[in-house]
1. Heavy-atom accessible area of Thr340 with all protein chains present, probe 1.4 Å, nearest 10 Å²?
2. Under a Cβ-only charge scheme (Lys and Arg +1, Asp and Glu -1), can you give me the dipole magnitude of the stretch 178-255 about the Cα centre, in debye to the nearest 20?
3. Run the quick spin-label model on Ala303 and Glu86: label points 7 Å from Cα toward the beta carbon, then report their separation in nm to one decimal.
4. Dipole of the chain, Cα-centred, from +1 at each Lys and Arg C-beta and -1 at each Asp and Glu C-beta, to the nearest 20 debye?
5. Just need log10 I(q)/I(0) for the stretch 115-226 at q = 0.14 Å⁻¹, Debye formula, equal scatterers on the alpha-carbon atoms, no solvent, rounded to two decimals.
6. Could you report the stretch 157-204's accessible area per residue, 1.4 Å probe, as an integer in Å²?
7. Go ahead and collect, in residue order, the members of the stretch 158-182 whose backbone nitrogen is under 16 Å from a label point 7 Å along the Cα-Cβ direction of Val36.
8. With angles folded into 0 to 90 degrees, how steeply does helix 341-350 sit against the dominant principal axis of the chain? Use alpha carbons for both and round to 10.
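The values are calculated or read from the model by the stated rules, or taken from the named source; none is laboratory data. Keep in mind the model is a prediction, meaning the values are calculated, not measured. Here the Cβ positions follow ideal geometry from the backbone for every residue, glycine too, while neighbour counts run over all protein chains shown. Keep in mind that these areas ignore ligands, DNA and RNA; they rest on the heavy atoms of the full protein, side chains included. Shrake-Rupley method; radii C 1.70, N 1.55, O 1.52, S 1.80 Å.
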Amino acid sequence: NYLNLLAFLLQGLPADQTLTAVMAYMVEDFYREGAVMDFPKGGSAGIVNALVRGITKHAGCEVRKSTTVEQVIVEDGRAVGVTVKEKKGHPHNRIRATQAVVSNADLQRTFDFIPQNVHAGFDKERELYLGQSSSSSGKDEDAVPLCKSFMHLHLGIQADLIPEDAPPQWTVVRDWSLGIDAPGNVVVVSVPSKLDPSLAPDGHHVIHAYGAGNEPYSVWEPFAGLSKSERDSSADYQRLKKERAQPIWEAIAKRAPAVQSQGRGVIVEQIGTPLTHAQFLNRHKGNYGLAIPAGSDDYTFPAVDTPLPGYYRCGDSTTSGIGVPAVASSGAQCANALMTVWEQLKLNDKIRM
């Protein structure tokens, strides 16, 4: 049970479907002498800001936030840039690539960026992974299996609602017999402001609690075609949100029973659903990565390079895992695919590898 939990939290699959190398890394790291759980100063934004600094410190390099890519430009059988939605301050909606285009979108979006019939090899791979219908609104018969999505609960509360002896993070398994990926069965509760007080105003805490990759999208599909305002005004949608978030409230109450929905001291209360993932993270069906078990005879993870020259991918579409390990390892693999051996050796020396 414990190994299943570790594997599921980091990869979205139970232990018997997880690569031996991943399991070995997790167990070794968890039981290393003096092991602790690292938390970035400034929260998740601290990691993002560090990555941005690593890019913008180089001349001519920038990071564009809130910039929606609409399509990858293909010329003479090669990916040469992207078109983006026009926005204030950036009137030009075409960005040319100096060497390659790298997609960190999910697998569906990565394929959707390239129109059909532009490259035969790319279309063949598209059909292999996405099935006969490859549009984001089409059916998924014969498509690669996906991890489930998430339910989230974001709270801003008065600090006295969290007991002094409560840890900054705890995980609750409601019933081991249900299976590790049963809806609402595994809930992770994080109170990051206990470690970094700058994340909340004085006298307050923030809580991020979530059902760990166990929420099926099918439950929310009837509401997928509604706009945000329509969902906000839908009594059925709001009722479903509260119902599916109940296991999260129960997990919070295990260590902080004074925290109640719309109760005393609860100042901010926001529920996120798979539709939230789909909308704000641009994830197909709100998925959290590919669910390809280790040793699968049906699928292997897509390579970082694609059949279309100049077009690469990284992230959970290429590596088992749904968090920082997948991002870091797949990013390194993609960088290695783009660089010469001599460039790699030079960088290895720079980072003392």
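1. Accessible area of Thr340: about 70 Å².
2. 180 debye
3. 4.0 nm
4. Working: 34 positive and 39 negative charges, 233 e Å.
With only Lys, Arg, Asp and Glu charged at Cβ, the dipole is about 1120 debye.
5. The Cα Debye sum returns log10 ratios of -0.78.
6. Details: 2400 Å² over 48 residues.
Normalised by residue count, the accessible surface of the stretch 157-204 is 50 Å².
7. 167-169
8. 40 degrees
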